[in-house]
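As structure tokens, the structure follows; a few thoughts come after it.
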Amino acid sequence: EKESIYLEDFNYKEEDDEDRHDIPHNSASSTDKDIRKHVKKIISEFIVSKELFIKQRIGDITKYYEIDQTPIGKGSFGVVYMGIEKDTLEKRAIKKIEKINIRNKKRFFTEVQCLKTLDHPNIIKLFELYEDERYIYLVQE
């Protein structure tokens, strides 16, 4: 099974050469065809993780969303409101979580990390994460 590629994998250091793919160098023995073939192989193995596309912003969520102040639900961590993205007019569920109520920060952020990576029709999708001085906002489908 193929693994996700994270940004830190792209931090190239010269001493990492032996761990990298052997890219054909411009020499008499390598041809453009060999190089194209090798690049195709690398690209075919390349998988971009979903979590790279989930925005994390610090600041005022109301710059990006109109949020109805009538709660549509309540969970163990916070209250859920209906929000409309100002640019696209897409409706989103926005879970507003007071930071002071997060007892186990490591567990909370582990769960958020799981939501960022999951993509299944029976699991709610996480689109964005906002944080201000008092709250964390999870923007979900």
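As an exercise, take the mean of 1/r over every pair of distinct alpha carbons in region 31-140, invert it, and state the Kirkwood radius in angstroms.
Details: mean 1/r = 0.0624 Å⁻¹.
Radius from the Kirkwood sum: 16.0 Å.
Which FRET efficiency value, to the nearest 0.05, do you get for residue 86 and residue 43 by plugging their Cβ-Cβ distance into 1/(1 + (r/R0)^6) with R0 = 30 Å?
The calculated FRET efficiency here is 0.25.
Would you please give the FRET efficiency between residue 117 and residue 33, computed as 1/(1 + (r/R0)^6) with r the Cβ-Cβ distance and R0 = 25 Å, to the nearest 0.05? Please report the intermediate quantities before stating the final value.
Numbers: r = 37 Å, r/R0 = 1.49.
E(calc), rounded to 0.05, equals 0.10.
Would you kindly find the accessible area of residue 57, with a 1.4 Å probe and non-protein molecules such as ligands, DNA and RNA excluded, rounding to the nearest 10 Å²?
70 Å²
Return the distance in nm (one decimal) between the two label points of a simple spin-label model at residue 124 and residue 67, each offset 7 Å from Cα along Cα→Cβ.
The modelled label-to-label distance comes out at 1.4 nm.
Got a number for carbon plus sulfur as a percent of region 31-140's accessible area, 1.4 Å probe?
On the way: 4240 of 7720 Å².
The computed percentage sits at 55.
Given the pairs 95/116; 96/125; 55/116; 63/125; 41/116, which span a C-alpha to C-alpha distance of over 19 angstrom in this model?
Working: 95/116 15 Å; 96/125 16 Å; 55/116 10 Å; 63/125 22 Å; 41/116 28 Å.
Going by Cα-Cα distance, 63/125; 41/116 fall outside the 19 Å limit.
The values are calculated or read from the model by the stated rules, or taken from the named source; none is laboratory data. Just so we're clear, the structure is a prediction, and the values are computed from it rather than from any experiment. Because the Cβ atoms are built from the backbone with ideal geometry, glycine has one as well, and the counts that use them run over all protein chains shown. Protein only, heavy atoms only, side chains kept; ligands, DNA and RNA dropped before computing areas. Shrake-Rupley method; radii C 1.70, N 1.55, O 1.52, S 1.80 Å.
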